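The values are calculated or read from the model by the stated rules, or taken from the named source; none is laboratory data. Treat the numbers as computed from the prediction; the structure is a model and nothing was measured. Counting neighbours? That spans all protein chains shown, and the Cβs are built from the backbone with ideal geometry, glycine included.
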Amino acid sequence: MAKILDQPRYKCALAAMQTVQSIEGAIPILHAGPGCGAKLGSGSGNSGHFSHNIFPCTNISEKEVVFGGEKKLREIVENSLKVIDADLYVVLTSCTSEVIGDDAEEIARSFREQGKPVIFASTPGFKGNNYLGHEWVIDAIVDQYLKTTDEKTKGLVNIWAGTPLHDPFWLGNLRELEKLVEELGLIPNTIFGHARGIENLNNIPNAEFNLLVSPWLGLNNVKKLEKRFGTPYLHYPILPIGSTETSKFLREVGEFAGVDKEKVENIIKKHEEEYYYYMERFADVFLETRVMSKRFVVVSDSQYSIALTKFLVNDLGLFPSKQFIIDDAPQKYRKPIEGYFKELNFGIEAEVEFSVDGFKIHDEIRNTNYHGYPLILGSSWEKKVAKETEAHYLAISWPINERLVINSSYVGYAGGLKLLEDIYSVVLTRFN
C-alpha cells in the first residue's frame, strides 16, 4: 500500500525551476505536463527579470506519451530563443518526460553546439525533492555553462546558502552574508536576486574560494567547483544567527581568507557591543516574561533547525525539546547534522528527528510536556498544533501563509535581534 505524506514541507525536484528563476537573465524551459508548471510556478517569487508566470513549457499530453516529445521540446527551445531575451535557457525534465525516455540532454547539447546558451538538468520528482533539484541545476551550470579560466580575482568569494524562493528569507540572508564578508575586506559574489545574475554567474570560476553556508545542501556543488576550477571551499555548516554564531563565522571566514586577526576582532567587538547594548536594554522582557516556558521546538529544514536551535540556546538561554528536520536530508549527512545539535553551549544537547510526516510530528508535539507554553517555530502547518498546545508560534519556513517576507533576514547580529523582535511580538500578545 502506498504511503501517504501528510503536510509536505518541500516540493518535487522540478521546483528547481525556482533556482533558475532567481538568476537574472536565466529562464527555465519545462519539458513537462501543464499541471506541473502551473502548480510550481505560482507565487510572487522570481529574480524580477521575468514574471514568475513566464516559463516555456512543452505541455506534454497523451500524444507525446505515446509517440515521444523530443520534437515538441526542440520546437519549444527554438521558439524560446527567438522570442525570449534571456542569457541562459535551462531545460528541466519532469516525471513524464523521463519515463517516456525523451533525450532532453542531447537536445540541449545540440543547441550549445550552435553557440546557444542552452543547458539541461534532469529534475523528475521521482528522483528527489527541490533541495536536490537545486543542487542538480547548479551542477548543470558548472558542467555545461561555465568556462574554464586560469585567472583569479583577489578577494573574490562565491557565497552559497539555502534554496532560493523556497526559503522565505533567501534574499535577505544572502545580502546579510554579503555584508559580513564585505566587512572582512573580501568581495562577495552571489548569483541570485537583483543586480547579480549572469555577470556574477560568469565570475564564479574567478573566485579565490567558495563559501558554503549550509549543513549539507550545496556541498556537492562546491566539491564540483573545486574539481573543475581548482577553487578551494570553506564549508561553514551553520547559518549564523545572533552574536555567538556570527562571531564564530567571522573568525573562521577571516582565518580561511588570511584576513588580519586584529581586524577581524575589531569588527566583532564593534558588532557585539551594539548587539549586547540592545540585549541589555530589553533584558527585563526576556527574563521576566514568564508566559513562555523555556522550551522550544523547531520544525524546519536542516539549515534552520540547526541555526535556530543554536541561537535560542546559546544567545537566549532557552532549552530545546526534540527538533524536527523535514527536508529529507540524504542519509550520509544525517550523522554530521545530529552532531551539530550536540555542540551547544552549557553542555546542552538537542534530540533530533528526521521526518517528513506532519501527522507524526504534530502527534509528538501534542504528547510532549513543555511545562508551560512552549515556543514553536515552523511553517503554516504548525499553526493548528500550536493553538492546540497553547504554544507561541512563529512561521519561519515554507509554506508560510500568514506573513509577508520581502527582504527580511535572520542572519547576523541584526538578524538575531530581528528574530527576537518577531518572537516576543508574539509572546507579548498574551498580555492583551
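Key figures
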read-out	value
Residue match in region 402-424 (condition: farther than 20 Å from P8 by Cβ, touching a helix residue (DSSP H, G or I) at 6+ places or on another chain (Cβ under 6 Å), crowded, with 16+ Cβ neighbours inside 10 Å and of a type in the set (V, I, T))	yes
Residues of region 213-240 classified as among the aliphatic types (A, V, I, L, M) and surrounded by fewer than 23 Cβ atoms within 10 Å (Cβ to Cβ), total	3
Where S243 falls short, out of the listed (1) out of contact with any helix residue (DSSP H, G or I) (no Cβ under 6 Å at 6 or more places or on another chain); (2) closer than 30 Å to H392 by Cβ; (3) surrounded by 15 or more Cβ atoms within 10 Å (Cβ to Cβ)	(1)
Subset of region 305-319 (residues that are more than 13 Å from I423 (Cβ to Cβ) and surrounded by 24 or more Cβ atoms within 10 Å (Cβ to Cβ))	S305, I306, A307, T309, K310
Count of residues meeting criterion [hydroxyl-bearing (S, T, Y) and within 14 Å of C36 (Cβ to Cβ)] in region 61-112	5
Pairs with Cβ under 8 Å, 6+ apart, first in region 309-332 and over 25 Å from T163 (Cα atoms) and free of Cβ contacts under 8 Å to residues at least 40 places away in the same chain, second among the acidic types (D, E) and surrounded by fewer than 20 Cβ atoms within 10 Å (Cβ to Cβ)	P320/E351
Region 320-340, subset of a type outside the set (S, T, Y) and within 12 Å of V298 (Cα to Cα), residue surrounded by the fewest Cβ atoms within 10 Å (Cβ to Cβ)	K322
The listed residue being touching a residue at least 40 places away in the same chain (Cβ under 8 Å) and either in the same structural domain as V181 (by TED's automatic domain parsing) or not in a helix (DSSP H, G or I) (or both), out of Y413, Y424, Y373	Y373
Those residues of region 207-230 which are in contact (Cβ under 8 Å) with a residue 12 or more places away in the chain and assigned to a loop (DSSP other than H, G, I, E, B), in sequence order	A207, E208, S214, P215, W216, L217, G218
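Okay, residues lined up against (1) under 30 Å from V299 (Cβ atoms); (2) modelled with pLDDT under 95; (3) outside any helix (DSSP H, G or I); (4) within 22 Å of the chain's Cα centre (by Cα):
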| residue | (1), (2), (3), (4) |
| --- | --- |
| M1 | yes, yes, yes, no |
| Q18 | yes, yes, no, yes |
| G43 | yes, yes, yes, yes |
| F50 | no, yes, yes, yes |
| I60 | no, yes, yes, no |
| R74 | no, no, no, no |
| D85 | no, yes, yes, no |
| V91 | no, no, yes, yes |
| T96 | no, yes, no, no |
